[in-house]
1. Show which lysines lie in cross-link reach of Lys118 when reach means a straight Cα distance below 24 angstrom and same-chain residues fewer than eight apart are skipped.
2. If neighbour count is taken as other Cβ atoms inside 10 Å, put Ile86, Ile221 in order from fewest to most.
3. Tell me the volume per residue, in Å³, of the convex hull enclosing the alpha carbons of region 79-135.
4. Label Ser158 and Val145 with points 7 Å out from Cα along Cα→Cβ: what is the distance between them in nm?
5. Send over the Kirkwood Rh of region 168-254, from the inverse of the averaged 1/r over different Cα pairs, rounded to one decimal Å.
6. Under 5 Å between amide hydrogens, which residues at least 5 positions from Thr45 or on another chain qualify, with H placed 1.01 Å from N in the peptide plane?
7. For His232, His202, which order do you get if you count the other beta carbons within 10 Å of each Cβ and list the fewest first?
8. Please compute, over every Cα-Cα pair in region 157-204, the percentage with a separation greater than 16 angstrom.
Amino acid sequence: MVNYKQSQKLKKVNKRFYILIDGIWKRRDTYNQNKKCPFCKILITNQAERCKSCDSKQKKGKHLSPTTEFKKGYVSPKKGKTVEEIYGKEKGKKLRQINSLTQTGKKLSKKTKEKISKAGKGRKAWNKGLTKETDERIKKQGEKVSKNLKGKFCKEKSSNWKGGITPINKKLRNSPKFRKWRKEIFKRDNWTCQECHQKGGHLHPHHLKPLSKYPKLVFDINNGITLCVACHRQTYFNEEDWTKYFQEKLKRARW
């Protein structure tokens, strides 16, 4: 720590080499006491003709050279090109990284947020209401994504892979074939429970013949029936009696 006496000495020594200009200490070598700005009469450097503020005021609205001037009808050669196309792949990547680092951690002010919200109001997304059938661009984009992601997150490549722990029963119930089978059964039964006749709600597709004993009849439509959650819980006991009961019920409905 510097004492009070030492600090006073430093100030005296510094005054030989530095000068106070607008509350800022600046070197005496670069400033001449006789040379001042002709407009505001502030001390300026030996090389300068005027101070920075007066210089910016005089240059405001003026073009420095005809090359920097905007010409009507002029199209920039960089227009419509990416950074990689202009500067090359290696330099383009570096520039993108630098740009991302400069923008990280920055917080927008309320004024800028309001401006962005006003500019975005009324604008419609180019892909709004478009589907694969109506637009070819979306179709091509979807195909590209599917090709790039195909096989990337399968089995050992996935971070959640644990050596094939998932049982076969769970795999079958989460498969697209099972979803299709379930949808067909619900459609056939008109989304109503065949025991209590509750329409809609949380419905379950029930196998008449259990999956553990008859794995070949998993996706058979004749081996399924629509039940609500309460009725499906009752079938956990006396499975054989329930299978006979539902089989007879389905035969009557068909006849």
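What follows is calculated from the coordinates using simple rules that are stated; it is not laboratory data. The shown structure was predicted, so the numbers you read here are calculated from the model rather than taken from an experiment. Note that each Cβ is placed from the backbone with ideal geometry, even for glycine, and that neighbours are counted across all protein chains shown.
1. Lys106, Lys107, Lys110, Lys128
2. On the way: Ile86 12, Ile221 9.
Result, fewest neighbours first: Ile221, Ile86.
3. 175 Å³
4. Taking the simple label geometry, Ser158 and Val145 are separated by 1.9 nm.
5. On the way: mean 1/r = 0.0758 Å⁻¹.
Mean inverse Cα-Cα distance, inverted, gives 13.2 Å.
6. Amide H neighbours of Thr45, under 5 Å, 5+ apart: none.
7. Details: His232 18, His202 9.
Exposure proxy ranking, most exposed first: His202, His232.
8. Numbers: 632 of 1128 pairs.
In whole percent, the long-distance tail amounts to 56.
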